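One structure below.
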Amino acid sequence: MPTSPSIGKVSGRLVDDLGRRRFLFVTGKGGVGKTTFSAALAVALAREGKRVLVALCNTKERLSAIMGTKPIGDEIVPIAEGVWGVNISPEKALFEYGALVLKVRTLAHAVFENRYTSAFFRAVPGLYEWAMLGKAWYHTTETLDNGKPRFDVVLLDAPATGHGIDMLRVPKVILDVVPPGVLRRDAETAWAMFRDAEQSGVVVVTLPEEMPAQETIDLVGTIDCELTLPVLRLVINGVLPPLFSPEERARLAALPDLLSIDAPEQAQGTPQCALVAGARRAVREIVQAESLERLANECSLPQMTLPYLFDEASTVQGTRMLAALL
């Protein structure tokens, strides 16, 4: 495994670049390692003295396993030195927002815990997405008794690509259709922050594989052209260290017998099993190299690669290893 990440089109430390922002929206195709990256970045920023909140969006969370803590619910809890976590419930976030607006919690209970209004809220397009996004943004506005920010950086571990884009669209839709009032005011303030590259930005995480690469190219184009939000960095996760030269890969991949479905079973316990494993690794390296080249050519973003973790994947040790690379 490489001892340091590869950084393309940018110099300097990632923590210095991203750590000066107040809000970071981490998105990408499902299964590419958004939560793993968010956890590693949070730990790296905390080592620089930042107070960091990692906000999840009503998900079956993996952050607790990655950080080695108890399961994370809808209350903010410390999960490492300088790092807090929360798994945002849209219903609870909506109630909290209502309580802030209405000023009286008993009235908020009457409105937001009524089964009829609850059914209505669930049916309103984008309302739950705004409740989660708005809660994460709200935590950038909180201060401590000494006047300092409660959190220096809020990392929103966003839903996978399609839902993540829908969530980012919501503040803009509110500005387009909602009349003046508290909701529009807050959406306007949040949208202004999200569009300010000095305060906020999007980090896209992907894998060096064909489908994630294509989805990433489409995603970056949508965020850049349709939403006009600053995309700060492309993080390519799970990059394997190459074992073969391009010529060796081509030779191994050209042997169909080694790549058949039953080849591993037939080669088991024989010297041939090494060739079968090598051919499969060669094909994976070919796909990886092609995907990396395509992302470099079609995404004009600062790019960073993180290594594939073998035994340390989804562990506290792996999180610390990636944090050190950042």
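The values are calculated or read from the model by the stated rules, or taken from the named source; none is laboratory data. These figures come from a predicted structure and were not determined experimentally. Every residue, glycine as well, gets a Cβ built from its backbone with ideal geometry; the counts of neighbours run over all protein chains shown.
Couple of notes before you dig in:
- Test: Leu175 is in contact (Cβ under 8 Å) with a residue 12 or more places away in the chain, within 18 Å of Gly19 (Cα to Cα), hydrophobic (A, V, I, L, M, F, W, C) and not in a loop (DSSP other than H, G, I, E, B): no
- Which listed residue, of Ala99, Ala93, Ala160, Ala119, is surrounded by fewer than 20 Cβ atoms within 10 Å (Cβ to Cβ), closer than 24 Å to Glu61 by Cβ and either of a type in the set (Val, Ile, Thr) or modelled with pLDDT under 90 (or both): Ala160
- Test result for Phe244, in contact (Cβ under 8 Å) with a residue 12 or more places away in the chain and touching a Gly at 6+ places or on another chain (Cβ under 9 Å): yes
- Restricting segment 210-235 to residues that are surrounded by fewer than 18 Cβ atoms within 10 Å (Cβ to Cβ) and of a type in the set (Asp, Glu), the residue that is farthest from Lys172 (Cα to Cα) is Glu210.
- Looking across segment 181-236 at every residue that is of a type outside the set (A, V, I, L, M, F, W, C) and within 13 Å of the chain's Cα centre (by Cα), the one that is farthest from Glu290 (Cα to Cα) is identified as Gly201.
- Residue that is among the acidic types (Asp, Glu) and closer than 30 Å to Val173 by Cα, where the choices are Glu265, Glu298, Glu290, Glu285: Glu298
- The listed residues are Gly147, Gly201, and the only one of them that is touching a Leu at 6+ places or on another chain (Cβ under 6 Å) and not in a helix (DSSP H, G or I) turns out to be Gly201.
- Looking only at segment 171-188, and only at residues there that are touching a helix residue (DSSP H, G or I) at 6+ places or on another chain (Cβ under 8 Å) and more than 15 Å from Thr228 (Cβ to Cβ), the one that is modelled with the highest pLDDT: Glu188
- Among the residues of segment 293-322, those that are hydrophobic (A, V, I, L, M, F, W, C) and surrounded by fewer than 20 Cβ atoms within 10 Å (Cβ to Cβ) comprise Ala296, Leu309, Phe310, Ala313, Val316, Met321.
- Picking from residues in segment 26-40 that are closer than 15 Å to Gly85 by Cα and over 9 Å from the mean Cα position of the chain (by Cα), the one that is surrounded by the most Cβ atoms within 10 Å (Cβ to Cβ) is Ala39.
- Counted residues, segment 21-57 - those being under 26 Å from Phe310 (Cβ atoms) and outside any strand (DSSP E or B): 20
- Screening segment 266-292 for residues that are of a type in the set (Gly, Ala, Ser) and exposed (fewer than 14 other Cβ atoms within 10 Å of the Cβ) and picking the one that is nearest to Ser245 (Cα to Cα) gives Ala274.
- Every residue from segment 237-257 that is within 20 Å of Glu290 (Cβ to Cβ) and in a helix (DSSP H, G or I): Pro246, Glu247, Glu248, Arg249, Ala250, Arg251, Leu252, Ala253, Pro256
- Only one of Glu226, Glu209 that is closer than 24 Å to Leu155 by Cα and either acidic (Asp, Glu) or free of Cβ contacts under 8 Å to residues at least 60 places away in the same chain (or both): Glu226
- Candidate set: segment 266-277, residues that are assigned to a helix (DSSP H, G or I) and at pLDDT 90 or above; chosen: the one farthest from Gln288 (Cα to Cα): Gln272
- Condition met for Ile223 (in a helix (DSSP H, G or I) and touching a strand residue (DSSP E or B) at 6+ places or on another chain (Cβ under 6 Å)): yes
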